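Reviewing the structure listed below.
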Amino acid sequence: MAFDRDWNESQPTDTTYAVDIDDYNRYLRVDMSDRLKNMIYGFIAGENSLAQHFKYLEFYQQSSSPSQPAADFARMYVKAVSNVSELFWRDDTNSEVQLTSGGNFSMLDEDDMTSNSATRLATQQSIKAYADDKSVDGTPTAVYTKYLTGTLDGTSPDTIAHGVADYDKILAVSLMLGVVADSKYYVWDYASGSVASAFYSYYGATNITIVYIGAFASADTKYRIKIDYIL
């Protein structure tokens with residue numbers, strides 16, 4: 001109910017008795033209960049929780065963003081976005097973040113993750129779609145990668161266990177051999193133009209095999225192998 005009384009400067013202070021003041025306090029308590037009982041516990045019978053326990057907070061939609069909060073303060077408010085009330089947060093640096101979108105917490109639904117945002121979360125569906133969108137022969141498949149490093153024994157052919165249970169699931173193998181004398185790594189099947197310095201490689205059920213042509217490799221030759229495979 002609306003308050004319809006104005007302060008009367010001419011009203012003598014001794015005309016309001018203690019009994020009237022007590023009644024006024026009762027009226028005030030009833031009015032406060034009527035306005036707050038649905039929002040805060042402790043204002044109606046049977047609710048004995050502390051008064052600071054809120055049932056809900058109801059925000060009034062703002063037509064625009066409020067001003068920047070003072071230092072050490074922040075503001076949460078509701079603002080219209082496409083005629084829908086959305087929740088926002090603004091900190092004391094004047095940074096504004098939209099917390100909800102279309103009735104849900106504001107998250108990105110991007111299967112390809114194109115925005116590459118450092119501040120927004122992705123939906124579960126987007127994460128799953130991004131992980132699943134690795135296709136082999138048109139079938140969405142998760143692709144895994146493993147790396148092997150070490151030193152060859154210098155004996156041709158040299159074999160290295162690849163550790164993939166089914167070698168038919170291997171999609172690609174990248175091989176580099178490092179030659180200390182040349183201070184460089186040679187990539188994949190290499191030939192210098194002379195059969196005196198070359199190698200080739202292949203993989204089978206358990207190993208990757210490296211075959212030297214001529215005196216290409218020695219016991220100090222390092223290898224780096226990348227294997228892409230599916231399960």
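The values are calculated or read from the model by the stated rules, or taken from the named source; none is laboratory data. Just so we're clear, the structure is a prediction, and the values are computed from it rather than from any experiment. Note that each Cβ is placed from the backbone with ideal geometry, even for glycine, and that neighbours are counted across all protein chains shown.
At-a-glance table
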item: Qualifying residue in region 85-93 (condition: at pLDDT below 90 and either under 20 Å from the mean Cα position of the chain (by Cα) or in a strand (DSSP E or B) (or both)); result: no
item: Of all residues in region 173-203 being exposed (fewer than 12 other Cβ atoms within 10 Å of the Cβ) and touching a Ser or Thr at 6+ places or on another chain (Cβ under 9 Å), the one that is modelled with the highest pLDDT; result: Val187
item: Breaking point among (1) exposed (fewer than 11 other Cβ atoms within 10 Å of the Cβ); (2) polar (S, T, N, Q); (3) in contact with a Leu (Cβ under 8 Å, 6 or more places away or on another chain), for Gln98; result: (1)
item: Residue match in region 126-142 (condition: at pLDDT 80 or above and assigned to a strand (DSSP E or B)); result: no
item: Flag for Ser218 being in a loop (DSSP other than H, G, I, E, B), surrounded by 13 or more Cβ atoms within 10 Å (Cβ to Cβ), modelled with pLDDT under 90 and out of contact with any His (no Cβ under 6 Å at 6 or more places or on another chain); result: yes
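Listed here are the residues, each with its yes/no results for (1) in contact with a helix residue (DSSP H, G or I) (Cβ under 8 Å, 6 or more places away or on another chain); (2) modelled with pLDDT of 80 or more; (3) under 30 Å from Ala131 (Cβ atoms); (4) in a loop (DSSP other than H, G, I, E, B).
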{"site": "Asp4", "(1), (2), (3), (4)": "no, no, no, yes"}
{"site": "Glu9", "(1), (2), (3), (4)": "no, no, no, yes"}
{"site": "Arg29", "(1), (2), (3), (4)": "no, no, no, no"}
{"site": "Ile44", "(1), (2), (3), (4)": "yes, no, no, yes"}
{"site": "Gln68", "(1), (2), (3), (4)": "no, yes, no, yes"}
{"site": "Asn116", "(1), (2), (3), (4)": "no, yes, yes, yes"}
